[in-house]
Amino acid sequence: MAAPQTRRAGVGPQDLSAGVCCGIRDEDHEDKLLKHMIIEHKIVIADVKLVTDFQRYILYWKKRFTEQPITDFCSVIRINSTAPFEEQDNYFLLCDVLPEDRILREELQKHRLKEILEQQQQERNDTSFRGICMFCSEEFLGNRAVLLNHMAREHAFNIGLPDNIVNCSEFLGTLQKKLDNLQCLYCEKTFRDKNTLKDHMRKKQHRRINPKNREYDRFYVINYLELGKSWEEVQLEDDRELLDLQEDDWSDWQEYPVSAVCLFCEKQEETIDKLSVHMKATHEFDLLKIKSELGLNFYQQVKLVNFIRRQVHQCRCYGCHVKFKSKADLRTHMEEAKHTSLLPEKKTWDQLEYYFPTYENDTLLCTLSDSESDLIAQEHSENIPIISEDTSRLRALKQSSVLNQLLLQECLKN
């Protein structure tokens, strides 16, 4: 489509109707198209960054501008209004104040959200994923969650729950490219060599992504949920709603599943009962039975779990104290030698150091039983009688207290 003739008083609406997308190829950057529209056609699109699908948006309005005058859709803004008529210009503002524009933006956002959810579901069910850890170069096959959980557990690098991420392969490729360029993922500084970068990220605790980098927003489903809102704005609204609540209303409470990871492999389950069944069937490790036989309270369970986590992390069998080259070798040995249930003496793992978790945000610790029956059983096992004091005769108690005699003796000595 040809560009219209420019006039001193601004480009006319009919000319604009004929030239919204003229001369610009689809592969050119949208900034070039926006610049072209402003210079050649005096069209300004408000909040263009909030348009989910810019190409479909432009094609829609290109068609509509051929059907009706542009002034039916756009607000006219006259600049240099006090200048002579030949020096004045009219600009046309297209924004979501117009109901049609608002509906279009919302429909495009819904369509994009549908595509993202379909892509997310496909990645969730995909078992052909293949990826390499960015920190230890170990290769993982199967589902993307295996690699993400490995990096979170082994390297304290957590980019979020797998179910919250979309286009995971592209996301990991973007992060890997930054590391290949010797760039810190958090502060985004560049270093002279790989070892210096590793030491920096470890010592500064920069094994995380920069939350202010908008480049990562497209990889999180939350950024597609509401039109024109980032994850920070959605989260801020949620926090405000909590603050605005005057009463504690739990009627709409919904329990969201949280996955706990097996002590010996990468298997995840939503409840401790399901995970216990897995560990018993696969690894012959019965956590509930051990808890019952040893009479473990909550804190002792925590220390036992942290002890096993640390031994497995160090590739060391806690049954025979032999160290292996990999976790796979350790797991094979423990299952063949039946050392998973061969716990060391209680004094070995019932230590203060095992109050601290081996992995950050270990969900298994949160699912351990802390029922009232455990506390009652502990009190009975200690067998310490508690006798309440009778305060009904408080004045008589004060007068007959042995403290009076001790004070009197002390005064006589002085």
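Observations on the structure shown:
- Extension gain for TYR186-LYS289 works out to 32.7 nm (0.36 nm per residue, less the C-alpha to C-alpha distance).
- Förster radius 51 Å - calculated FRET efficiency between THR348 and GLU118, Cβ distance, rounded to 0.05: 0.50
- For TYR220, the residues whose amide H sits under 5 Å from its own are VAL166, ignoring neighbours fewer than 5 places away on the same chain, with H placed 1.01 Å from N.
- Under 5 Å, built H, 5+ apart or other chain: amide partners of GLY142: PHE129
- With a threshold of 24 Å on the Cα-Cα distance, the entries LYS49/LYS110; LYS178/LYS198; LYS49/LYS212; LYS323/LYS346; LYS177/LYS212 are all at or under it.
- With both labels modelled 7 Å from their Cα along Cα-to-Cβ, the PHE356 to ILE222 distance reads 2.9 nm.
- Each 5 Å bin from zero holds the following percent of Cα-Cα pairs in the stretch 105-196: 3, 12, 20, 21, 16, 12, 9, 5, 2, 0.
None of the figures in this text is laboratory data; all of them are computed from the coordinates on show. All values derive from a computational prediction rather than experimental measurement. Methodologically, a virtual Cβ is constructed for each residue, glycine included, from the backbone with ideal geometry; neighbour enumeration extends over all protein chains shown.
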